[in-house]
Amino acid sequence: TAEEPAAASMSSGPDQVPPRPEIFDFQGVSMIHFFTDNWENIQNFQARPDDILVATYPKAGTTWVSYILDLLYFGQTERQTSVPIFKRVPFLEITIPDFGSGKDDADNLPTSPRIIKTHLPVQFVPKSFWEQNCRIIYVARNAKDNAVSYFHFDRMNMMQPEPGDWSGYVHRFMEGKLVFGSWYDHVNGWWKKKQTYPKLHYVFYEDLVEDTGREIEKLCCFLGLSRSDEEKKRIADGAHFDNMKKNDMVNYSNVVVMDFKISPFMRKGKVGDWKNHFTEAQSLQFDEDYKKKMTDVTLQFRCDI
Ligand code: PPS
């Protein structure tokens, strides 16, 4: 029905899977039509002051942080076993022809606060989020692991452009020719925003892997939440990779456009898997290029922990 959320409806049958989209330049950022078709409505999205926006470059830990936030606010209620995460935390800019849009799903969210996901670079965020002074959590992941994760995602997700082989993919990553554009511009753009917008909490995927409990503590602090140690530990356990991988409400297993035989959504969940993908030459070339693009020394990523 029209009310059904975009991604949930996609579990209705393989004949519903549209052809893979082509990438194009959209206001200086590489995009696909699924994320630009509803542009005016997205830009006019009406945020509420208590909305929480989870912003990331794709594959940086969006689902992990979305799930942690959902547990922090709404706990282990019945919806945890009946409502998939992409319905609890709508993906603002997605629109799938005939199936609806993330923007409508966000409008119709019954929860308070509403937790909303976006992959938009900072300059594309609907202005009402800034006007309403919403809390925003940005999650960033080191470039090499991010590229590897995105590569496998593009292989298995038929709504993403064809990734081609790994060596071509790394070059397109460096050129910013993947959906949602340049990783370098994305992480830098949001990092810069933090200097002028205090209600932005910048989280690193590597920190989450290193000590999830500590990062949950920081999230609580940022959000003004107080939760018992027991509760926080329960949340960290529930959101552990092994548990999320088994949990059909957060592992995307019921989305038909994703072919888990090619690669699962919850793939490895590690820091440093890039070493299994980059050749030494690719790694050297990547590092050289990285130095040129990442000139702000205050933004440091860890490719190892
Ligand atoms: S998406 O499609 O952009 O929303 O994907 P996103 O959720 O941002 O990123 C998916 C990657 O995050 C990993 N992941 C986790 N890692 C560690 N612990 C937990 N709990 C966890 N949950 C998700 C997921 O496995 C993807 O990374 P890779 O490296 O591909 O495994």
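The values are calculated or read from the model by the stated rules, or taken from the named source; none is laboratory data. Keep in mind that this is a model prediction, so the values were computed, not measured. Methodologically, a virtual Cβ is constructed for each residue, glycine included, from the backbone with ideal geometry; neighbour enumeration extends over all protein chains shown. Areas reflect the complete protein model, heavy atoms only, side chains present, ligands, DNA and RNA absent. Shrake-Rupley method; radii C 1.70, N 1.55, O 1.52, S 1.80 Å.
Within region 21-45, the set of residues being touching a residue at least 60 places away in the same chain (Cβ under 8 Å), away from the ligand (no atom under 15 Å from the Cβ), touching a Pro at 6+ places or on another chain (Cβ under 8 Å) and not charged (D, E, K, R) comprises 21, 23, 29, 42, 43, 44, 45.
For the structure I just gave you, tell me whether residue 50 is free of Cβ contacts under 8 Å to residues at least 24 places away in the same chain, open to solvent by 30 Å² or more (accessible area, probe 1.4 Å), of a type outside the set (S, T, N, Q) and part of a loop (DSSP other than H, G, I, E, B). Walk me through it before giving the result.
Values: free of Cβ contacts under 8 Å to residues at least 24 places away in the same chain: no; open to solvent by 30 Å² or more (accessible area, probe 1.4 Å): yes; of a type outside the set (S, T, N, Q): yes; part of a loop (DSSP other than H, G, I, E, B): yes.
Answer is no for this residue.
Please determine whether any residue of region 144-157 is open to solvent by less than 10 Å² (accessible area, probe 1.4 Å), more than 13 Å from the ligand (Cβ to nearest atom) and farther than 13 Å from residue 56 by Cβ. Within region 144-157, none of the residues are open to solvent by less than 10 Å² (accessible area, probe 1.4 Å), more than 13 Å from the ligand (Cβ to nearest atom) and farther than 13 Å from residue 56 by Cβ.
In region 46-92, of all residues being within 9 Å of the ligand (Cβ to nearest atom) and among the small types (Gly, Ala, Ser), the one that is farthest from residue 147 (Cα to Cα) corresponds to 66.
Scanning region 100-114 finds no residues that are buried (at least 19 other Cβ atoms within 10 Å of the Cβ), within 13 Å of the ligand (Cβ to nearest atom), closer than 27 Å to residue 232 by Cα and in contact (Cβ under 8 Å) with a residue 40 or more places away in the chain. As a summary of the residue check, residue 101 satisfies the conditions (1) in contact with a Ser or Thr (Cβ under 8 Å, 6 or more places away or on another chain); (2) closer than 25 Å to residue 220 by Cβ except for the one numbered (2).
Quick grid of which residues meet (1) without any contact (Cβ under 8 Å) to a residue 40 or more places away in the chain; (2) part of a helix (DSSP H, G or I); (3) within 15 Å of the chain's Cα centre (by Cα):
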residue: 55; (1), (2), (3): no, no, yes
residue: 63; (1), (2), (3): no, yes, yes
residue: 66; (1), (2), (3): no, yes, yes
residue: 98; (1), (2), (3): yes, no, no
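Scanning region 216-241 for residues that are within 16 Å of the ligand (Cβ to nearest atom), part of a helix (DSSP H, G or I) and either under 21 Å from residue 88 (Cα atoms) or under 17 Å from the mean Cα position of the chain (by Cα) (or both) yields a count of 9. In region 248-278, which residue that is open to solvent by 50 Å² or more (accessible area, probe 1.4 Å) and not charged (D, E, K, R) is nearest to the ligand (Cβ to nearest atom)? That would be 276.
Exactly one residue out of 185, 207 is surrounded by fewer than 20 Cβ atoms within 10 Å (Cβ to Cβ) and within 12 Å of the ligand (Cβ to nearest atom): that is 207.
The residue pairs whose first member lies in region 212-226 and is touching a residue at least 24 places away in the same chain (Cβ under 8 Å), whose second member is of a type in the set (Gly, Ala, Ser) and in a helix (DSSP H, G or I), and whose beta carbons are closer than 7 Å, counting only pairs six or more residues apart or on different chains, are 212/236; 216/236.
Going by the conditions given, is residue 75 modelled with pLDDT under 95, exposed (fewer than 15 other Cβ atoms within 10 Å of the Cβ) and closer than 18 Å to residue 257 by Cα? Judged against the criteria, residue 75 is not a match.
Identify, please: which residue in region 126-143 is open to solvent by 10 Å² or more (accessible area, probe 1.4 Å) and of a type outside the set (D, E, K, R) and is, among those, nearest to residue 215 (Cα to Cα)?
133
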